[in-house]
1. Residues that are farther than 25 Å from residue A:191 by Cβ and not assigned by TED's automatic domain parsing to the domain that holds residue A:215: find the helices (runs of 4 or more DSSP H) completely inside region A:29-142 holding 1 or more of those.
2. Please go through region A:165-194 and pick out each residue that is in contact with a helix residue (DSSP H, G or I) (Cβ under 7 Å, 6 or more places away or on another chain) and over 19 Å from residue A:62 (Cα atoms).
3. Taking region A:188-218 as the search range and keeping residues that are in contact with a strand residue (DSSP E or B) (Cβ under 6 Å, 6 or more places away or on another chain), at the interface with another protein chain (Cβ under 9 Å from one of its Cβ atoms) and touching a residue at least 24 places away in the same chain (Cβ under 8 Å), which one is surrounded by the most Cβ atoms within 10 Å (Cβ to Cβ)?
4. Name every residue in region B:181-210 that is within 20 Å of residue A:64 (Cα to Cα), more than 7 Å from every other protein chain (Cβ to nearest Cβ) and in contact (Cβ under 8 Å) with a residue 12 or more places away in the chain, in order of residue number.
5. Test each condition in (1) within 25 Å of residue A:204 (Cβ to Cβ); (2) over 16 Å from the mean Cα position of the chain (by Cα); (3) at pLDDT 95 or above for residue A:48 and report the one that comes out false.
6. Given the conditions (1) within 13 Å of chain B (Cβ to nearest Cβ); (2) touching a helix residue (DSSP H, G or I) at 6+ places or on another chain (Cβ under 8 Å); (3) modelled with pLDDT under 95, report the number of the one that residue A:276 does not fulfil.
7. Return yes or no: is residue A:217 out of contact with any helix residue (DSSP H, G or I) (no Cβ under 7 Å at 6 or more places or on another chain), modelled with pLDDT under 95 and part of a loop (DSSP other than H, G, I, E, B)?
8. Residue check: is residue A:222 crowded, with 22+ Cβ neighbours inside 10 Å, in contact with a helix residue (DSSP H, G or I) (Cβ under 6 Å, 6 or more places away or on another chain), closer than 20 Å to residue B:187 by Cβ and more than 9 Å from chain B (Cβ to nearest Cβ)?
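The values are calculated or read from the model by the stated rules, or taken from the named source; none is laboratory data. Remember, predicted model here, so these are calculated numbers, not experimental data. A quick note on method: Cβ atoms are made from the backbone with ideal geometry, for glycine too, and the neighbour counts reach across all protein chains shown.
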């Protein structure tokens, strides 16, 4: 086997090992590669930043599971830090059964950093099955869909929900979504039907699908994958809102090196392929 | 190195390594973790659906608040279980028909609004698109891309004359779209690996601050 044949048949375990090393090393020894903030991420930040203590609450829907945690959980934490630093009231909910676990984890971490109190500064509605009925129902009556919050408290007993009867009581909805149900349904039922202002944070694998809706203004902005999360973390830090751990930003060196390595493998494989084909 | 004293972190690390062991080859550790995940997911789904949905939205209003009207959705939902009794199994069609009819009724106009009306509107060249030179340029590129891609999928006329280069341009736009999607997919998968490596090096081994 000559060198060109070898390039087309690199053992997959060698590739796995190389990628693991390329990712682990920059996590241990950070390089500090710059992260540029993209306009679509900035649009989400500006929408949140334009709100304040007197604004109606923001609803964040945790439509993801632990598998998407590296991309979407840092977004959730950065969004909560941004909101709490600006004294914006936050309501959380989930369309995925694993979403409550993600939301509770973030709520155990972020509110204590800002001395925020449950019921006064934030609330957690929990998970509901049946996305169509849930999203349409919330447009008519929030209490009809969520009679109790996640901890079994009637919504009428929760201070920040006093004026939240439907989407009209919200200033902004942000869905952190890893698939269906998620951003598509929020766009379909909440935005198209009730003209909700909708921001979207998604895993990178579905980011390309969201772009057309950002272009038309149906979605106010887009956070795409770990890169989008790191951009938001950096904007929150540069805004002077939080110095907390920036998980996504720490991962961007590894992300860049991982991409570089995959590009190298693609180029090497193609060189081998074309040289062998020419010889034949 | 500062190893975690938390047994749950050790369990999570063990299960992560069990799943990664599949990269070498299929083995009993991978199968154990996979089956554990499936079993726990099913149990978790049932528990959380009861506590977040059935209890607050059905049990409380029907049995604690005495709202008798909730008997109707309860009965309708129970019809799904008639599937297990062949003699009255046909009754399952009632809730399915209701869901199909209601679902189509609410979804079709919304799909039109989301994907056809607003997207067509967004593709049109209007004065506000030319507020800056770059937004105007991109609006023209989007219009050309949409038209050429639609021509590529127009099969009722032979591709000759202007249709041929337009359809070929449509293919280029499609390939660019596929390339962007593939790039984002690679980015997503690398992110997932980063998340796990961050966990192994951070909370478990204590090599990095996390």
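1. Working: elements: A:39-49, A:69-85, A:99-109, A:131-140.
Qualifying helices (runs of 4 or more DSSP H): none found.
2. A:165, A:192, A:193, A:194
3. Of everything passing the filter in region A:188-218, A:191 is surrounded by the most Cβ atoms within 10 Å (Cβ to Cβ).
4. B:196, B:199, listed by residue number.
5. Here residue A:48 clears every test but (2).
6. The single condition residue A:276 does not satisfy is (1).
7. Here the answer is yes, as residue A:217 does meet what is asked.
8. So residue A:222 fits the description; yes.
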